[in-house]
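Student: A single structure is presented below for examination.
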Amino acid sequence: MKVDLGGDLEKIRTEAKKEIESAKSLKELEELRVRYLGKKGEITSVLRGLALLADDVRPVIGNLVNSVRAELESSLNQKVLKIKGSELENSLKSESLDVTLPGKSRKTGTKHPLRTTLDAMKEIFVGMGFSVVSGPEIEWDVYNFDMLNIPKNHLARNESDTFFITDDLILRTQTSSVQARHMQLHKPPIRIISPGKVYRVDEIDSTHSPMFHQVEGLVVDKGVTMGNLKHTLETFFERFYGREIRIRFRPHNFQFTEPSAEVDISCFVCGGEGCRTCKNEGWIEALGCGMVHANVLSMCGIDPVEYSGFAFGFGLERIAMQKFEIDSLRLFFENDVRFLEQF
Amino acid sequence: MLLSLNWLNDFVKIEDDVKGFCQKMTFSGSKVESFSVLGEDIKDVVVGKIVSLAAHRDAQKLLVCEVDVNAEKKLQIVTGAQNVFAGALVPVALDGARLPGGVKIKKTKFRGIESCGMLCSRSELGLEVSSPAAEEGILIITEECKVGQNILEALMMKDEVVDFEITSNRPDCLSIIGLAREAAATYGLSFTEPVRDSRYISKNLETLKVEVEEETLCKRYMAKLVRGVDPSCCSPLWMQARLRAMGMRPISAVVDITNYVMLETGQPMHAFDSDKVSGKIIVRKAKQNEKLVTLDGISRQLDDSMLVIADDEKALAVAGVIGGLESGITKDTKNIIFESANFDQVSVQQTAKKLGIRTESSQRFEKGLSPFLCAEGLSRACELVEKLGVAAVDEFVVAFGVSDKKPVEVELDCDFINQLLGTDFSTDQIKEKLLRLGFGFSKDKGVVIVPWFRSDIQNNADLAEEVARIYDYNNIPSAPLIGTCNGVLTEMQKFEDQLVDLMISSGFCEVLTYTMTSPRHFERLMLGEDDAQRDCVIIRNPLGEDTSVMRTNTVPAMLELLASNQGKRNERALLFDLGCEYIKKEFKDENGKRLVDERPALTIGAYDLSGKEVDFYFIKGVIENLLERVGVRDYRFVKTDKLTYMHSGRTASVSVDGCDLGFLGELHPTVAESYGLQKGALVAKFDVRKMFESLTEKRYKQIPKYPAALRDIALICDENLPVFEIEQIIRGAAKDSLESLRLFDVYLGDQIPQGKKGVAYSLKFQSAKKTLEDEMVNKLVVKILRALEEKGIILR
């Protein structure tokens, strides 16, 4: 019998590789492993045939057999990995989810939009060196009026404007009362904001409420100027709205400041071109401010010759309404969860 | 304050369009609210002269007029009015003309006769009609005008009117003259104060007697007798046009003069029928319940706080507010007394408010007018009386009160002004601006003399504002603050922020509630008659009962919000509020005596109509997590039935070392019902300050290195025994070796005897020093079980 082991091997190798390649399942591959590499497999039987060979060719053929065996083993293993991979892939497909179904996670709550607004303001002012100071809502008229240069006969001190508890105890009409209290106890340099509830005799409607919120600012130091006031407000608005904001001052009148001004800001939505938010004016009324009146400084024990200062007052509701495009102040107090959850 | 630009033009010539004017005035300190252009709705109406007229051949009531409108051809116009005559000057609406109300006029035929336009009446031109008599037919123009002239010009109906918001410190600007001064200063134009003829206010005390009883409320009272008024005299067209432009109705020459003077000078005037005044004029307080029928025909009951003008017998007018009907001007009035007086602002304001009347006069007095204005007003009225030929002005005037014009002086401090503004004006630059505003200077120029009409100027800061506004605030250079300051939040402020963050992370939305409330809540909360919460701060002048007291409890506001959310069909609401309770308590703070303690409270309210998740234990879990996270340790939950408005079996108080922090639980069903809430709403409230005081510092505790041993035990105990007691026994017996214990089951049922319950715990034993051997753990468990058994809690 003529033995062409070399030719047989090559044939086995080609055939085996073809079959491995076309195998579809792990089971098929296992069968191929048994058929070619098993104890009674074809490679094994070739090995057995080695004994019949001459001594000189035996090692050559032996090496050849081993390399074919190694090659087939590696092909088999690779194919196994491949099939395993695609089987996993298929099973993942069968586990697929509708990712558009709603999520299960528990909702966190929300801050009231007024607090969100206040927090943003606080952060900016604290960064500019202002401390946050608070004071009583039920206040002596001295702090709310007299020390702010508002004379006894002033219209604001009327029962038609101010809520009275007794003749000299009222619900504060402005958080400026905190300024007076603070200045009495602290020497300049002073940089504070005082946020809080204030009260005025107003029926509730879409822009008024008997209780609302103010954020007052006060700076007192040597050499504080109206130019400083402008710069402080410009810086604040740019940071608050995150874009360039122009501001303009209009002369106004407040008892506790002189000179006094009302401040408009260029519209933070359109930048001054005119839009719905600014009613096509390009400008939005923002706040009142001025240089602290010398009488106020004196009454609080600060020498107005040595020191000067400025004060400004924001209506928190107004700023929040503008920022979030809220069209009625009532919404803040109604606390409908469908409103609250939007912020 | 309205301003007719035609009228302004009498005093200062502004060469700017109305928009530019509004802008400039706003930035120099007179804020413009809006402006309107009068006469815009009238087009192609001209003055026509009726050349001839004839009866319509087919219609008795119609006249056919031939009208000259200074065009190529005379126009044929048919009219139904009977007051026209040949030679009359009338307003003619041409073919294609437009009239107020969007009316269009076109060539048309009346019973076969062509009419090439329309002759107009007053009302067709949008002019108010002062009396029914005046509206009989076509407006006959008596003023000088040209045929063919535009009617808007001829009747002076063309005007621009600007509406200003005048701040309370500038009552002088509630007048044409005041605004003219401002306009002149704004544009750098010269303004000359009107010069008055001194004979108008020469004195003769014999004829007219005035007695001022209340000199503090009436600083000045000037009266002038004018005799022989021509009752047929109407005010001229120009005056009527201006009054109309300023929103006033022309009435009669005398009344129109008083209004005109008030608008022009800012001095409210009044005119009495002198023949209705018996004896002298007295300025006095009203008698309690004194009655007066005012000009509007309403009988008013006065009180003794109100100032009136009276004669020997009766009240004639409410000072500065409104005149009386009886002494008022009528078409039969022959002799009048002009009043030009100064009344106290607060008195006028309070009287007007009590009577519920706001007049142009009261609104001006309320702002505080200068007593020096009285003579201005009176002189101007006299001037007009003569100019209009209403009567001869008798030289009888009486004046009381201040008359010396002693000006206020301020020593000019330019450094101060520059320092305050952040500018570097020279002394001359400052003076130039002040001069424009009518300020004077002493001879050495060091002292500023404040004009009499500027009661608001007292010092250099006031002058700085004047300088700055004329310069334009917006030209002041912006400059950063010099020096540094540390911006800090107090620990309490940070704690409140932390509470808010934690509540939000637990799924709660923050709400904002009114601190003013209704005392009715005391009943709804079923508080006892002597409950301390009933002792609340009462608002003397509340808007209504609902906001008449300061709350002593934040819960009602929360309940109302829960109810309103249920009312809006919101299935679920998890809410919290960080607001104060206002407790009457006398104490001292750093600024002195205080009468009310404003106590911050964290109030929680929740309901879920769709599921059972939101129950007592849900809220308890939220609270436990909150306390853990902020750093409150060793807190205890104890069942409480002390709160009238809470479910007595489902409410717990929370305390640390015997100090009450707050409570949580289910709302009492009766209270729920009275607030319109479905049963099962949950409420919690905590004293924020007490929480803050119970905070402990956080310190790292070593993570155990040695393995833990777990043991589960199932126990049987009395059904009503709080598990907290079981846990205390277990902890007491196990000492330090017990790392933690976890309740994992509570059960009632068939296998458990009546009145008992089963509880199951998972115990975790661990030591920081060594691995606990089984044997040791078993000993501990035995010890625990023995301790439990002593209390009647047995192993199942």
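The values are calculated or read from the model by the stated rules, or taken from the named source; none is laboratory data. Every value quoted in this text rests on a predicted model; they were computed, and no experiment measured them. Ideal geometry is used to build each Cβ from the backbone, glycine not excepted, and the neighbour counts take in all protein chains shown. To get the accessible areas, we keep the full protein, side chains included, count just its heavy atoms, and leave off ligands, DNA and RNA. Shrake-Rupley method; radii C 1.70, N 1.55, O 1.52, S 1.80 Å.
Student: One residue is enough: does the stretch A:41-59 have a residue meeting the conditions of a type in the set (Val, Ile, Thr), under 30 Å from A:Glu341 (Cα atoms) and outside any helix (DSSP H, G or I)?
Tutor: No, that holds for no residue.
Conditions tested, residue by residue: (1) among the β-branched types (Val, Ile, Thr); (2) surrounded by fewer than 19 Cβ atoms within 10 Å (Cβ to Cβ); (3) at pLDDT 95 or above.
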| site | (1), (2), (3) |
| --- | --- |
| B:Ser252 | no, no, no |
| B:Met262 | no, no, yes |
| B:Thr265 | yes, no, yes |
| B:Lys291 | no, yes, no |
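Student: Quickly run through the stretch B:498-520 and pick out the residues that are open to solvent by 40 Å² or more (accessible area, probe 1.4 Å) and either over 13 Å from B:Ala557 (Cα atoms) or outside the structural domain of B:Leu561 (by TED's automatic domain parsing) (or both).
Tutor: Matches in the stretch B:498-520: B:Gln498, B:Asp501, B:Ser505.
Student: With the structure loaded, tell me whether B:Arg633 is in the same structural domain as B:Met526 (by TED's automatic domain parsing) and in contact with a Ser or Thr (Cβ under 8 Å, 6 or more places away or on another chain) or whether it fails that test.
Tutor: yes
Student: Would you call B:Leu667 within 20 Å of B:Pro600 (Cα to Cα), modelled with pLDDT of 95 or more and buried (at least 16 other Cβ atoms within 10 Å of the Cβ)?
Tutor: no
Student: Consider B:Gly440 carefully, then state whether it is touching a residue at least 24 places away in the same chain (Cβ under 8 Å) and outside the structural domain of B:Ser30 (by TED's automatic domain parsing).
Tutor: yes
Student: Can you tell me which of B:Asp163, B:Asp159 is surrounded by fewer than 20 Cβ atoms within 10 Å (Cβ to Cβ), within 20 Å of B:Asn6 (Cβ to Cβ) and touching a Ser or Thr at 6+ places or on another chain (Cβ under 6 Å)?
Tutor: On inspection, the qualifying residue turns out to be B:Asp163.
Student: Can you spot a residue in the stretch B:642-649 that is open to solvent by 60 Å² or more (accessible area, probe 1.4 Å), without any contact (Cβ under 8 Å) to a residue 12 or more places away in the chain and assigned to a helix (DSSP H, G or I)?
Tutor: no
Student: Then there is this: Would you pick out the residues in the stretch A:286-314 that are under 16 Å from A:Thr175 (Cα atoms) and in contact with a helix residue (DSSP H, G or I) (Cβ under 9 Å, 6 or more places away or on another chain)?
Tutor: A:Leu287, A:Cys289, A:Gly290, A:Val292, A:Val296, A:Cys300, A:Phe310, A:Ala311, A:Phe312, A:Gly313, A:Phe314
Student: Filter the stretch A:299-308 for residues that are under 19 Å from B:Glu465 (Cα atoms) and more than 9 Å from chain B (Cβ to nearest Cβ) and give the result.
Tutor: Hit for the stretch A:299-308 is A:Tyr307, nothing else.
Table: residues versus (1) outside any loop (DSSP other than H, G, I, E, B); (2) modelled with pLDDT of 90 or more; (3) away from every other protein chain (no Cβ under 14 Å); (4) farther than 29 Å from B:Val210 by Cα.
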| position | (1), (2), (3), (4) |
| --- | --- |
| B:Ser362 | yes, yes, no, no |
| B:Leu378 | yes, yes, yes, no |
| B:Asp394 | no, no, yes, no |
| B:Asp424 | no, yes, no, yes |
| B:Lys443 | no, no, yes, yes |
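Student: If you don't mind, there's one more thing I want to ask. A:Ser75: within 44 Å of the chain's Cα centre (by Cα) and either of a type in the set (Gly, Ala, Ser) or in the same structural domain as A:Ile20 (by TED's automatic domain parsing) (or both), yes or no?
Tutor: The answer is no for A:Ser75.
Student: Does any residue of the stretch B:482-494 turn out to be modelled with pLDDT of 95 or more, within 26 Å of B:Val688 (Cα to Cα), within 7 Å of chain A (Cβ to nearest Cβ) and open to solvent by less than 10 Å² (accessible area, probe 1.4 Å)?
Tutor: Within the stretch B:482-494, not a single residue is modelled with pLDDT of 95 or more, within 26 Å of B:Val688 (Cα to Cα), within 7 Å of chain A (Cβ to nearest Cβ) and open to solvent by less than 10 Å² (accessible area, probe 1.4 Å).
Student: Is it the case, given these coordinates, that A:Arg239 is basic (Lys, Arg), under 28 Å from the mean Cα position of the chain (by Cα) and within 20 Å of A:Gln214 (Cα to Cα)?
Tutor: Yes.
Student: So, of the residues in the stretch B:453-481 that are loosely packed, with under 14 Cβ neighbours inside 10 Å and free of Cβ contacts under 8 Å to residues at least 40 places away in the same chain, which turns out to be nearest to B:Ala180 (Cα to Cα)?
Tutor: Only one residue fits best here, namely B:Asn475.
Student: When the residues of the stretch B:526-546 are narrowed to those that are open to solvent by less than 20 Å² (accessible area, probe 1.4 Å) and more than 10 Å from chain A (Cβ to nearest Cβ), which ends up farthest from B:Gly662 (Cα to Cα)?
Tutor: Out of the qualifying residues, it is B:Cys536.
Student: Then there is this: Among the strands (runs of 3 or more DSSP E) lying completely within the stretch A:234-343, list those that include at least 2 residues that are in contact with a Leu (Cβ under 7 Å, 6 or more places away or on another chain) and in contact (Cβ under 8 Å) with a residue 12 or more places away in the chain.
Tutor: Here the list reads A:283-292, A:308-315.
Student: Would you be able to say whether some residue in the stretch B:285-292 is under 17 Å from B:Val398 (Cα atoms) and not acidic (Asp, Glu)?
Tutor: no
Student: Right, here's the next one. For the stretch A:162-191, how many residues are of a type in the set (Val, Ile, Thr) and surrounded by fewer than 24 Cβ atoms within 10 Å (Cβ to Cβ)?
Tutor: So the count comes out to 5.
Student: Identify all residues within the stretch A:324-335 that are under 23 Å from the mean Cα position of the chain (by Cα) and surrounded by 16 or more Cβ atoms within 10 Å (Cβ to Cβ); write none if there are none.
Tutor: A:Ile326, A:Phe332, A:Asn335
Student: Tell me, which residue of the stretch B:547-570 that is within 11 Å of chain A (Cβ to nearest Cβ) and among the β-branched types (Val, Ile, Thr) is nearest to A:Arg338 (Cα to Cα)?
Tutor: Ranking the candidates gives B:Thr547 first.
Student: Tell me which residues, restricted to the stretch B:14-41, are more than 12 Å from every other protein chain (Cβ to nearest Cβ), assigned to a loop (DSSP other than H, G, I, E, B) and touching a helix residue (DSSP H, G or I) at 6+ places or on another chain (Cβ under 9 Å).
Tutor: Selection gives B:Ile14, B:Glu15, B:Asp16, B:Gly39.
Student: Moving to a separate point now. Taking the stretch B:96-154 as the region of interest, how many residues are modelled with pLDDT under 85 and of a type in the set (A, V, I, L, M)?
Tutor: Number satisfying all stated conditions: 4.
Student: Out of all the residues in the stretch B:153-173, which are within 21 Å of A:Glu258 (Cα to Cα), in a loop (DSSP other than H, G, I, E, B) and hydrophobic (A, V, I, L, M, F, W, C)?
Tutor: B:Ile166
Student: Still on this structure, please answer the following. Since B:Ala183 meets every condition but one in (1) within 14 Å of chain A (Cβ to nearest Cβ); (2) part of a helix (DSSP H, G or I), which condition does it not meet?
Tutor: The single condition B:Ala183 does not satisfy is (1).
Student: Can you pull out the residues in the stretch A:112-161 that are open to solvent by 10 Å² or more (accessible area, probe 1.4 Å), more than 9 Å from chain B (Cβ to nearest Cβ), in contact (Cβ under 8 Å) with a residue 24 or more places away in the chain and charged (D, E, K, R)?
Tutor: A:Asp141, A:Asp146, A:Asp161
Student: Filter the stretch B:330-360 down to the residues that are open to solvent by 10 Å² or more (accessible area, probe 1.4 Å), closer than 23 Å to B:Leu243 by Cβ and assigned to a helix (DSSP H, G or I) and list them by number.
Tutor: B:Glu360
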